[in-house]
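*Asks:* Mind having a look at this structure? Questions to follow.
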Amino acid sequence: TFDIRIGATSTTVTLRSGSPFPVETPAGTQTLSGSLTLPTRRPDLTPTDDAARCQPATATSEEAGMYAEAAVDGSDATIWAPVDATASLTVDLGKTTRVKDVQVHWTDTLPSSPKIETSTDGTTWTTAGHGTVQARYVRVTMTRAAGPDRTGIREVVVTR
């Protein structure tokens, strides 16, 4: 297993257990046997209509190395996956924003019961539906599907 900590300018990958493995980096392939620090890719500097991209995200449960931030990093290659059978991921859009649509890019195994909600204050939640709403927070609650395959979120996209 490994952990990833993404910072504003650098990302650190730390091997927690298991055998060393190759990591593709901008400088070429490197072998991860302890910790490896790389420059952080900055999708937050790329213009987008996605109000959730690179915004703070929190979760009620996280698998090691599959943190909430992965669901808003602009890449479907990373995922948030909860340890608990039922868990929530909340994105703080930073300010109340006009929200046209919320899309969730799921992993290959879909949850048995997903729910998308919006809120202006982080306390009172409304189930997301059709039409434009004002929201500062977006929350996705899921119950993972039965079976051995991991259920998680590749990306939460909030269209302004």
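FYI, it's all coordinate maths here, none of it is from the lab. Just so we're clear, the structure is a prediction, and the values are computed from it rather than from any experiment. With ideal geometry, Cβ positions are generated from the backbone for all residues, glycine too; neighbour counts draw on all protein chains shown.
*Asks:* Apply the Kirkwood formula to the stretch 1-80: the hydrodynamic radius equals the inverse of the mean of 1/r over all pairs of different alpha-carbon atoms; give it in Å with one decimal. Please report the intermediate quantities before stating the final value.
*Replies:* Details: mean 1/r = 0.0732 Å⁻¹.
For the stretch 1-80, the Kirkwood estimate is 13.7 Å.
*Asks:* Per residue of the stretch 92-98, in order, report the coupling 6.51 cos²θ - 1.76 cosθ + 1.60 (Karplus, θ = phi - 60°) as ³J(HN,Hα) in whole Hz, putting x for Gly and Pro.
*Replies:* My calculation for the stretch 92-98 gives 9, 6, x, 7, 5, 9, 6 Hz in order.
*Asks:* Would you mind getting me the FRET efficiency between Leu38 and Leu110? Use the beta-carbon distance for r and R0 = 25 Å, nearest 0.05. If you can, show how the numbers build up before the last one.
*Replies:* Working: r = 32 Å, r/R0 = 1.26.
It comes out at approximately 0.20.
*Asks:* With just the Cα atoms of the stretch 41-101, tell me how far they stretch along each of the three principal axes, in Å, largest first.
*Replies:* 33, 26, 17
*Asks:* Can you tally the net charge around Ala135? Count Lys and Arg as +1, Asp and Glu as -1, for every other residue whose Cβ sits under 11 Å from the Cβ of Ala135. List each step's numbers first, then the result.
*Replies:* Working: positive: Lys95, Arg98, Lys100, Arg136, Arg139, Arg160; negative: Asp92, Glu117, Asp121.
Combined, the nearby Lys, Arg, Asp and Glu give +3.
*Asks:* Can you give me the distance in nm between label points at Ser19 and Thr123, each placed 7 Å from the Cα along the Cα-to-Cβ direction?
*Replies:* So the two model labels end up 5.4 nm from each other.
*Asks:* Mean-square fluctuation check for the chain, GNM, Cα pairs under 10 Å: which of Leu93, Leu15, Leu45 is largest?
*Replies:* Top of the fluctuation ranking is Leu45.
*Asks:* Taking the stretch 1-101, which trypsin sites (Lys or Arg not before Pro) meet the DSSP loop condition and have no more than 10 other C-beta atoms within 10 Å?
*Replies:* Working: sites: Arg5, Arg16, Arg41, Arg53, Lys95, Arg98, Lys100; in loops: Arg16, Arg41, Arg53, Lys100.
Loop-located and lightly packed - Arg16.
*Asks:* Grab the other residues whose beta carbon is less than 13 angstrom from that of Thr124, score K and R as +1, D and E as -1, and report the net. Let's see the in-between values first.
*Replies:* Numbers: positive: Arg136, Arg139; negative: Glu117, Asp121.
Its environment carries a net charge of 0.
*Asks:* Which log10 I(q)/I(0) values, to two decimals, does the stretch 31-70 give at q = 0.15, 0.26 Å⁻¹ under the Debye formula with one point per Cα?
*Replies:* With no solvent term, the Cα-only Debye profile gives -0.56, -1.01.
*Asks:* Additional query: Write down Rg/Rh for the chain, rounded to two decimals, with Rg from the C-alpha atoms and Rh from the Kirkwood relation over Cα pairs. Don't jump to the answer; show the numbers that get you there.
*Replies:* On the way: Rg = 16.5 Å, Rh = 16.6 Å.
Using Cα coordinates only, the ratio equals 0.99.
*Asks:* Then there's this: So what's the projected area for the stretch 77-160, the Cα convex hull averaged over all directions, in nm²?
*Replies:* Numbers: hull surface 22.3 nm².
Across all orientations, the stretch 77-160 yields a mean hull projection of 5.6 nm².
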